[in-house]
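One structure, as structure tokens, below. Some questions next.
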Amino acid sequence: MSENEGHRDRDASPTPPPPGPPPGYRPPQPPDATPSDESPHGHSQPGHDQPGYDQPDEAPIAAPGPQDDAGGAGQSSASAGAGSAAEPRQYARAPEITVKVPDSLKSMRRSHWLALVISQTTAYVTLLLLALVSVIGLTIGLLLSGSEDLSAQVPDMPTGMDLGPSAFILFLTLPFQIAAVWLFGTFGVSISMHESMTQMLPTGGDMGGNLWAPNLLYLALAMLVAVWVGRTVLRRTRQRAITEVPRLGRLIANVVLALVMAGVTLLVTWLFSFRHGLSLTDFAALEGAADGQAQQLGGFLGIDASETVLSMNGNAAGGSMFLTAFLFYLLIGLVLSVGSGIFTRVRRKVEYLLPSASGVPRVLGAHALIVVVPVVIYQVVDMTISNGSAGGFSIFFWAPSMALFSFVLLNFGAISISGGMSGFGQAEAGGETLYLWTGDFTWWEIALAILLGLSAIAVTSLVWALRRDSRSSTLRNLLSWVTLPLIYALVGAVLTIFGQLRGAADLMGLADMSFHIGPVWWTFAVLLLIGLVIEALSRFAAPRAVQKLSPRLRGLLSGVGSAK
């Protein structure tokens, strides 16, 4: 072997690695420093053929070199085999906030949302239309009652006088407030006077009042219309049925929409509050005085005659209205989104405990119609004759309360009337319990009312005998005696709780007035007894009477709805 060959053999032998950390070692890097491309061992990196080399998933990060400043700034490391290349500093990204929609809610289609929104909006619009019709009817009645009756309601005003809101504004604001009162809202009115006028009063010049008058009849009517419209929209959609959406998704959707609609109802009621103000000039015009007197009074009080001295504000927006509106819209959505199978299962479970319970609501409705319709018609005629057209055209205002009170009285219940006034050095308060035979009625009115009430009970027993399950096994079940009386008692409790009318007023702290009208607390017990009487008649007297009825009349009574 020559000398040159031995020298090549020595050069070809592997060079030992330089002293330092073992291959693959990555020194720790401070969190505030950027990795640099300067490593302690220069730019050379171990090759693939060197022992201990591990292929990393990304370019190795070197320790910060001497070029890093005191703030920890450095240069980014170069990719493997690409040399050193300067890159801008990399900052940590802020965490992204994402809202994950529940899987059960993703099944809700646009048509489902649209149907729910349309149905709930329809319910509120129905209430507004009923309120608007009530206001228009009352106004027409006042106009047709003649100038003598109208002057008692609206003072004579000079031509061209402007007291503030026009008829259009009144029609625009009052329906919203009336609809809110029907939704269990409390209509509150506040009247405040200018501070220059309150200084002469020992108790201040603020006056106010409130009224609570819910309307179960119109709420039920609006709900029926809303459910019908919603089901019509759902039937016309070509997408999957809303009943195929998971129950949790339907519940979340209904709760969210009910909250939104209740909030919108509350906001709209507040925006359309009744606001009005009067100045000294307006008061002078009401009294027919000259403008000079208003200027003199304004100079005495130290205010301008055109400045508002009496402000009125009234609205029914509040927490009770929001809660009731939420439950109202939620119930509509739940009725729309549940399948018919749920109603079937619920009906079977209820009828297991209360046989033929599904037929009671329509029987109860027939009983109410037999009593209420003749009474309302008689009241319209009587009020039109005695009070003019205002009584007849304002039927939409008083008809629901009249229907409730007449149903209670003609079923031998009672109405509680209380109220009074305290102030001005005296106190007058009292109350009475009004029965059918103790009211301010003539003897023939009482006789006809009692006859109508007894006839309604008899006809209702015939309807119940045709509607119920008349199989011997069902009639022998002792629970079948409880069905009708129990539901009648529940209706009595509902009428007692939600059929009350309350109002109060405060006259600048000088006097207080209040009133309360509604069914007495034992109404549920009275209707319970009425239910027992109807049940007994349907078992022992009605079967014989039904056999003597003509087929057409029998079909009419049974056609109110059949309990299957």
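Coordinate-derived values only; no laboratory data. Keep in mind that what you see is a predicted model, and the values were worked out from it rather than measured. Cβ placement follows ideal geometry from the backbone for every residue including glycine, while neighbour counts extend to all protein chains displayed.
Mind listing which trypsin sites (Lys or Arg not before Pro) in the stretch 210-282 are in a DSSP loop and have 16 or fewer other Cβ atoms within 10 Å? Please report the intermediate quantities before stating the final value.
Numbers: sites: 231, 235, 236, 238, 240, 247, 250, 275; in loops: 236, 238, 240.
Sparse-neighbourhood loop trypsin sites (Lys or Arg not before Pro): 236, 238, 240.
Only residues of the stretch 432-456 count here: report those whose backbone N is under 19 Å from the spot 7 Å along Cα→Cβ of residue 386, or say none.
432-450
Identify the trypsin sites (Lys or Arg not before Pro) of the stretch 479-552 meeting these criteria: DSSP loop state and at most 10 other C-beta atoms within 10 Å of the C-beta. If you can, show how the numbers build up before the last one.
Details: sites: 502, 539, 544, 548, 552; in loops: 548.
The qualifying sites are 548.
Which of the chymotrypsin sites (Phe, Trp or Tyr not before Pro) found in the stretch 427-481 are in a DSSP loop and have at most 16 neighbouring Cβ atoms, other than their own, within 10 Å?
Values: sites: 435, 437, 441, 443, 444, 464, 481; in loops: 435, 437, 441.
Sites meeting the loop and neighbour criteria: 435, 437, 441.
While we're looking at this one, here's another question. For the stretch 448-564, what is the relative contact order in percent, using Cα pairs closer than 8 Å and at least 6 residues apart in sequence? Provide the component values of the computation, followed by the final result.
Values: 109 pairs, mean separation 47.2, N = 117.
Relative CO of the stretch 448-564 lands at 40 percent.
Something else about it: Local charge sum around residue 355 (other residues, Cβ-Cβ under 9 Å, Lys/Arg +1, Asp/Glu -1)? Each step should come with its number before you reach the end.
Values: positive: 468; negative: 351, 469.
Neighbour charge sum, excluding residue 355 itself: -1.
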